[in-house]
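Undergrad: Following this message is one structure expressed as structure tokens.
The values are calculated or read from the model by the stated rules, or taken from the named source; none is laboratory data. Since we're looking at a predicted model, the values are computed, not measured. No Cβ is skipped: glycine too gets one built from the backbone with ideal geometry, and neighbour counts run over all protein chains shown. The protein model used for the area step is the full one, side chains on, heavy atoms only, and it has no ligands, DNA or RNA in it. Shrake-Rupley method; radii C 1.70, N 1.55, O 1.52, S 1.80 Å.
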Amino acid sequence: MEILSHFNELMTLDVLAPLADAPDPEVAAEQQIEYITDRLAVLKAAATTMSAKETRCQHLLNANLEDIAKYKHLAERALLAGNENDARAFLTKRQECQYDSAVCQNAYDKAHSDVLRLTKMVEKLNSDLDKLRARPNELRDNDSPVSGLQPESADEVRGEDIVADEPENMSVKLPETLTIDEELAVLKAELSMA
């Protein structure tokens, strides 16, 4: 998400600073309020979208964890029934689910982190709006150096780029897995079938 690339800049921004040198601080404050309100709407939409993605990732992760347990149980039952080939097949499926689970966990962690950052950004913009609305008469007295929000183009304010996913260049930390034969031996040992 492109908007997250501005996280540090936004979180350290002093919205009152550019108003100090403005010829008409009240007009400048109104422009800042309008701009921040637009950005806030964009951020809230992005946070909602990312929250939905986080929820989807959590559901997928939970389903994969259930599948891992299910295939282990099926492999145990197959071993108890004396069918080692079926046990191998179930353990193979279990390993596939473990890989999928690692991918889902990584996607969930990233989505969760993005939701937290977007939430912080929304809180910061709400705080900035409160500051701008609370100090209309003190704006001329502010001696802070000029820096701050500069309105972007209308396309950027609409935030169409915000809901698009980043390229998936995630590095997935895979769980250490045993070979099927090693897992089969561990399972036999657990079931005392060695």
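Undergrad: In segment 35-57, which residues are over 14 Å from residue 123 (Cα atoms), open to solvent by less than 60 Å² (accessible area, probe 1.4 Å) and not hydrophobic (A, V, I, L, M, F, W, C)?
TA: Within segment 35-57, 35, 49, 51, 53, 54 qualify.
Undergrad: With 17, 52, 41 as the choices, which residue is in contact with a Gly (Cβ under 9 Å, 6 or more places away or on another chain), modelled with pLDDT of 85 or more and not basic (Lys, Arg)? Don't jump to the end; show me each part of the working.
TA: Numbers: 17 fails: modelled with pLDDT of 85 or more; 52 fails: in contact with a Gly (Cβ under 9 Å, 6 or more places away or on another chain).
It is 41.
Undergrad: Here is a check on your reading of the model: is residue 75 assigned to a helix (DSSP H, G or I) and out of contact with any helix residue (DSSP H, G or I) (no Cβ under 7 Å at 6 or more places or on another chain)?
TA: no
Undergrad: Which condition does residue 100 not pass, out of (1) farther than 22 Å from residue 177 by Cα; (2) at pLDDT below 95; (3) open to solvent by 30 Å² or more (accessible area, probe 1.4 Å), if it passes all the others?
TA: (1)
Undergrad: Continuing with the same structure: Restricting segment 70-97 to residues that are closer than 14 Å to residue 187 by Cα and acidic (Asp, Glu), which is least open to solvent (accessible area, probe 1.4 Å)?
TA: 76
Undergrad: For residue 67, only one of the following conditions fails: (1) within 27 Å of residue 190 (Cβ to Cβ); (2) open to solvent by less than 30 Å² (accessible area, probe 1.4 Å); (3) among the acidic types (Asp, Glu). What is its number?
TA: It fails just one condition, (2).
Undergrad: Assuming residue 69 fulfils every condition listed in (1) more than 30 Å from residue 89 (Cβ to Cβ); (2) among the hydrophobic types (A, V, I, L, M, F, W, C); (3) part of a helix (DSSP H, G or I) apart from one, which condition is it?
TA: It is condition (1) that residue 69 fails.
Let's see how each residue does on (1) under 17 Å from residue 134 (Cβ atoms); (2) in a loop (DSSP other than H, G, I, E, B):
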{"position": "3", "(1), (2)": "no, no"}
{"position": "8", "(1), (2)": "no, no"}
{"position": "23", "(1), (2)": "no, yes"}
{"position": "29", "(1), (2)": "yes, no"}
{"position": "36", "(1), (2)": "yes, no"}
{"position": "42", "(1), (2)": "no, no"}
{"position": "52", "(1), (2)": "no, no"}
